[in-house]
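Below you'll find the structure, written out as structure tokens, and then a few comments.
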Amino acid sequence: MDRSLVIGALIFACLLAMPVLLPLVGAEYLTGLLIKAMLLAIAAISLDLIIGHGGMVSLGHAAFIGVGAYAAAIGLESGIENILVLLLLTLVVTGGIALITGALALRTTGVYFLMITLAFGQMIYFTLTSLAAYGGDDGLTLWSLATFFGSDIVQNRGGLYFVILAVLFLSWFGVYRISQSRFGRVLRAARDNPQRAEVMGYPIARYQLIAYVIAALIAGISGLLLVQHAEFVSPSIAAWQRSGDLIVAVVLGGLGTRNGALLGAFFIVIVEELLSSVIHEWRLIYGPLLVLLVLYAKGGLNDLLTPAAQKGR
Amino acid sequence: MSLTLFLILCLNGLQYGLLLFLIAAGLTLVFGVMGFINLAHGVQYMVGAYLIFAFTGLTGHFGLALVLSLVTALLIGLLLEYVVFRHLYDRTHLDQVLATFGIIIFLNELAKVLFGPTTLSIATPEFLSGSIQLTEQLRYPVYRLVTIGVGLVVAAGLFLTISYTRTGMLIRAGSTTPEMVAALGVNIKQLFRIVFGVGAMLAGFAGVIAAPIFAIEPGMGDNILIVAFVVIIIGGVGSIGGAFVAAILVGLIDTLGRSLATELLSFVFNPSMANQIGPALASMLIYILMAAILVIRPKGLLPAKGVH
């Protein structure tokens, strides 16, 4: 039996049961924390497709969360109420921007790619802060939220928790399926030996660009859901530190593994919550903790949960 | 727009460009020689600014504080190298990014704890305050002129060191084939340490001279780090000459763009439209420049030879 599948199934079973269990112990306030972790996990899973499988280290991925969130928020402000229309809008805008920046960034590899995605991410961030009509630096509070054909199931008082959980499940399942498909194998071949993959006749740049756009689309959806949950949007969600957090989640969880990004995202949110409840200046501990984890825990969290025989999944 | 304003903007742009060069130089050398991507380089800039703030407060003398700040910045750089970075040289770029990201989080928070979250400022040193008459209508602050001069001197010194001294020769050789240099009996780790320390000190120096001009605040190094990355991409990784040309280019375009974009756009669009697009476009200009240069020359304007 594949242990990573069992662990994944357990995580999702727990998440499904939480809205019932938490009120029993009087801890409903943790729902917000779980939603925060799930939204981070969706974006981290998408980032793992390009970092873990594609070997493209992007340090600007949070910008796509921002683009998705702002596309949705601006749509809402212009009177679009239907979440499906907003979803379409989010996908078109995020996909378009990812296609352009991806095509340019993929002219380079390695550390150049990292710097360029960082620069493009920062460009998007500054563009968002200069949207004076939509709150600029301070962000925008949304007074009306999206509905699903008039039903509030996609809002906090409805079933937004389960909608986000469903999207998380689809991303987790979808990215795993992609990584196991022929497309995923070409992506890994391009990561491990680009020349050989090229010689075998695969247009690797095209594969990488498609992966980059898919990852951006998923991140954009998490931005849309973030707007629905927070009922507020500000450029800070696209700041480069958020991209750093996503990389932390992916690497700490375990690169290119089924549950890595999921575990990493929950780990970060839980550690942040625990540390900040102990000490206000929790970053003084979190920063060195990251350094120590990099230096001494190489395979990520997924490694600790996987028997040696199944390593590398 | 008057010619005077244009000249002032050009001088400001030149000054910003030289500041960027001081930061980008260390970053590009460290990457070129060691293949090490150091996100925490921008933090050294912040450290420099806080050090000069603390030491001018303690000593009350800018010159003395300057020397103390540079020495301390060097020591902090070497300490970080000893404690963390030297363990990362043969790791993947991803590990390097992660660990240096952790250091940024730590030092930004430390600055907040020690000096408070609000912005601080220090006065321009007495003997450099005031302004001088450049042309009939143009007065320019002495301090800014001096920083331009100092920036140019440091740039020239760096260029001469890299091109004509033995250490510079070893640095160039080390960036192409570190194994061969080590095999010839050169202590490559020592060389790394020198490059790293000097890079950290240069970034700290940039922070010191920026302190009287810009606000001192936690996280001030993060944004300038990203602009330094843009400079390196435009100039070509590992190339000091490229970093210099690109830094001046970026400094000028950014400064001119921010002041002139709205005005230029109002020729094409109506004023309210121009007011909306102008600032957004201005902040995007350097990234557009970067994208354009990437399309034409993916390796940058003046790429270093043989960089991995």
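The values are calculated or read from the model by the stated rules, or taken from the named source; none is laboratory data. Nothing here was measured: the structure is a model prediction, and the numbers come from that model. Backbone-built Cβ (ideal geometry, glycine too); neighbour counts: all protein chains shown.
Does residue B:254 fit the bill of being charged (D, E, K, R), over 24 Å from residue A:100 (Cβ atoms) and in a helix (DSSP H, G or I)?
Answer is no for this residue.
What about residue A:51, is it over 30 Å from residue A:189 (Cβ atoms) and touching a residue at least 24 places away in the same chain (Cβ under 8 Å)?
Working: over 30 Å from residue A:189 (Cβ atoms): no; touching a residue at least 24 places away in the same chain (Cβ under 8 Å): yes.
Answer is no for this residue.
Restricting attention to the range A:235-251, report how many residues are in contact with a helix residue (DSSP H, G or I) (Cβ under 7 Å, 6 or more places away or on another chain) and either within 8 Å of chain B (Cβ to nearest Cβ) or in a loop (DSSP other than H, G, I, E, B) (or both).
6
Could you list, in sequence order, the residues of the range B:182-193 that are surrounded by fewer than 16 Cβ atoms within 10 Å (Cβ to Cβ) and assigned to a helix (DSSP H, G or I)?
Result: B:182, B:183, B:189, B:190.
Quick one: is residue B:289 assigned to a helix (DSSP H, G or I), more than 22 Å from residue B:93 (Cβ to Cβ), within 14 Å of chain A (Cβ to nearest Cβ) and at pLDDT 85 or above?
The answer is yes for residue B:289.
If residue B:90 satisfies all but one of (1) away from chain A (no Cβ under 11 Å); (2) among the acidic types (Asp, Glu); (3) in contact (Cβ under 8 Å) with a residue 24 or more places away in the chain, what's the number of the condition it fails?
Status for residue B:90: all satisfied but (3).
Among the candidates B:238, B:197, single out the residue that is over 13 Å from the mean Cα position of the chain (by Cα), of a type outside the set (Asp, Glu) and buried (at least 24 other Cβ atoms within 10 Å of the Cβ).
Result of the check over B:238, B:197: B:238.
Restricting attention to the range B:194-244, which residues are under 25 Å from residue B:283 (Cα atoms), within 14 Å of chain A (Cβ to nearest Cβ) and not in a helix (DSSP H, G or I)?
Scanning the range B:194-244 gives B:218, B:219, B:236, B:237.
Which residue is farthest from residue B:210 (Cα to Cα), if the candidates are limited to the range B:123-147 and must be in contact with a Phe, Trp or Tyr (Cβ under 8 Å, 6 or more places away or on another chain) and crowded, with 16+ Cβ neighbours inside 10 Å?
By that ranking, first place goes to B:125.
Considering each residue of the range A:270-286, count those that are surrounded by fewer than 16 Cβ atoms within 10 Å (Cβ to Cβ) and of a type outside the set (A, V, I, L, M), and give that number.
Qualifying residue count, the range A:270-286: 5.
Scan the range B:251-258 and give yes if some residue there is at the interface with chain A (Cβ under 10 Å from one of its Cβ atoms), more than 14 Å from the chain's Cα centre (by Cα) and surrounded by fewer than 23 Cβ atoms within 10 Å (Cβ to Cβ), otherwise no.
Checked against the condition, which is being at the interface with chain A (Cβ under 10 Å from one of its Cβ atoms), more than 14 Å from the chain's Cα centre (by Cα) and surrounded by fewer than 23 Cβ atoms within 10 Å (Cβ to Cβ), the range B:251-258 yields no hits at all.
So if I check each of B:301, B:265, B:256, which one is hydrophobic (A, V, I, L, M, F, W, C) and without any contact (Cβ under 8 Å) to a residue 40 or more places away in the chain?
Just one listed residue meets the conditions, B:265.
Tell me, please, whether a residue that is modelled with pLDDT of 90 or more, within 14 Å of chain B (Cβ to nearest Cβ), in a helix (DSSP H, G or I) and within 19 Å of residue B:276 (Cβ to Cβ) can be found in the range A:125-136.
Yes; the residues of the range A:125-136 include at least one that is modelled with pLDDT of 90 or more, within 14 Å of chain B (Cβ to nearest Cβ), in a helix (DSSP H, G or I) and within 19 Å of residue B:276 (Cβ to Cβ).
Which one of the conditions (1) free of Cβ contacts under 8 Å to residues at least 60 places away in the same chain; (2) within 14 Å of chain B (Cβ to nearest Cβ); (3) in a helix (DSSP H, G or I) does residue A:88 fail to meet, given that it meets all the rest?
Going through (1) free of Cβ contacts under 8 Å to residues at least 60 places away in the same chain; (2) within 14 Å of chain B (Cβ to nearest Cβ); (3) in a helix (DSSP H, G or I) one by one, residue A:88 breaks only (2).
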